[in-house]
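The values are calculated or read from the model by the stated rules, or taken from the named source; none is laboratory data. Keep in mind the model is a prediction, meaning the values are calculated, not measured. Cβ placement follows ideal geometry from the backbone for every residue including glycine, while neighbour counts extend to all protein chains displayed.
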Amino acid sequence: MAKIYHLLYTSRMNEVMTPHQLSTLVKSSAIRNEKSHLTGFLMEREGYFMQLLEGEEDTVLTTFTRIEVDPRHDDVLILADAHSDARLLPDWHMAEIEWTEGMLHSEELLALFERSREALPFNQPGEILRLIERFCAAAHKK
Ligand SMILES: Cc1cc2nc3c(=O)[nH]c(=O)nc-3n(C[C@H](O)[C@H](O)[C@H](O)COP(=O)(O)O)c2cc1C
């Protein structure tokens, strides 16, 4: 099986986006991502984004290069990247995940989110990937 490349980043929103603008962004991303065989999620919390992109490495990086220069956000910070044999969200070309405090293992993800704002380096991509894996499994059950 081809290796799946996962890229997780956070960024800061440059302008206030309404829930409608956000879901429009997610929907248009999903249409483009489907054509490129990309999957993942986009989450917003208190003016920060966290996004997971997964697929063929070159495709993920090409898309990420485009996303990175999008004026709707800045301070783009890669939290983790890793290869694995399987997608975490095979059915979602871009899932809009709404943050809920009660989400399983959310404290860990919240901690990751908070730490990313301080731009701390992450040296254990495997560990982060497992955390995101659990988070995706929990989000999937909603
Ligand atoms: C937070 C954020 C996440 C985005 N995610 C995606 C994505 O997953 N896929 C995608 O094609 N575009 C995504 N975009 C939109 C791209 O930045 C870009 O606007 C879009 O791909 C169109 O590119 P173009 O104007 O160069 O044709 C995202 C933008 C933002 C601000």
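Just a few scattered comments:
- Selection within region 30-66 - in contact with a Gly (Cβ under 9 Å, 6 or more places away or on another chain) and not β-branched (V, I, T): N33, S36, H37, L38, G40, Q51, L52, L53, E54, G55
- Beta carbons closer than 8 Å, at least 6 apart along the sequence or on distinct chains, pair a first residue in region 15-44 that is at positive phi with a second that is more than 9 Å from the ligand (Cβ to nearest atom) and in a helix (DSSP H, G or I) for H37/T59.
- Residue in region 67-81 that is surrounded by 19 or more Cβ atoms within 10 Å (Cβ to Cβ), more than 10 Å from the ligand (Cβ to nearest atom), small (G, A, S) and not in a helix (DSSP H, G or I) present: yes
- Residues of region 14-54 classified as part of a strand (DSSP E or B) and either in contact with a helix residue (DSSP H, G or I) (Cβ under 8 Å, 6 or more places away or on another chain) or within 8 Å of the ligand (Cβ to nearest atom) (or both), total: 13
- Failed item, numbered, when L7 is tested on (1) more than 10 Å from the ligand (Cβ to nearest atom); (2) in contact with an Asp or Glu (Cβ under 6 Å, 6 or more places away or on another chain); (3) closer than 16 Å to E96 by Cβ: (3)
- Scanning region 52-70 for residues that are in contact (Cβ under 8 Å) with a residue 40 or more places away in the chain and farther than 15 Å from P90 by Cα yields E57, L61, F64.
- Residue match in region 12-27 (condition: crowded, with 17+ Cβ neighbours inside 10 Å, polar (S, T, N, Q) and under 14 Å from A95 (Cβ atoms)): no
- Verdict on L88 being of a type outside the set (S, T, N, Q), away from the ligand (no atom under 15 Å from the Cβ) and either on the phi < 0 side of the Ramachandran plot or modelled with pLDDT of 65 or more (or both): no
- Hey, M103 crowded, with 17+ Cβ neighbours inside 10 Å, touching a helix residue (DSSP H, G or I) at 6+ places or on another chain (Cβ under 9 Å) and at pLDDT 75 or above or not: no
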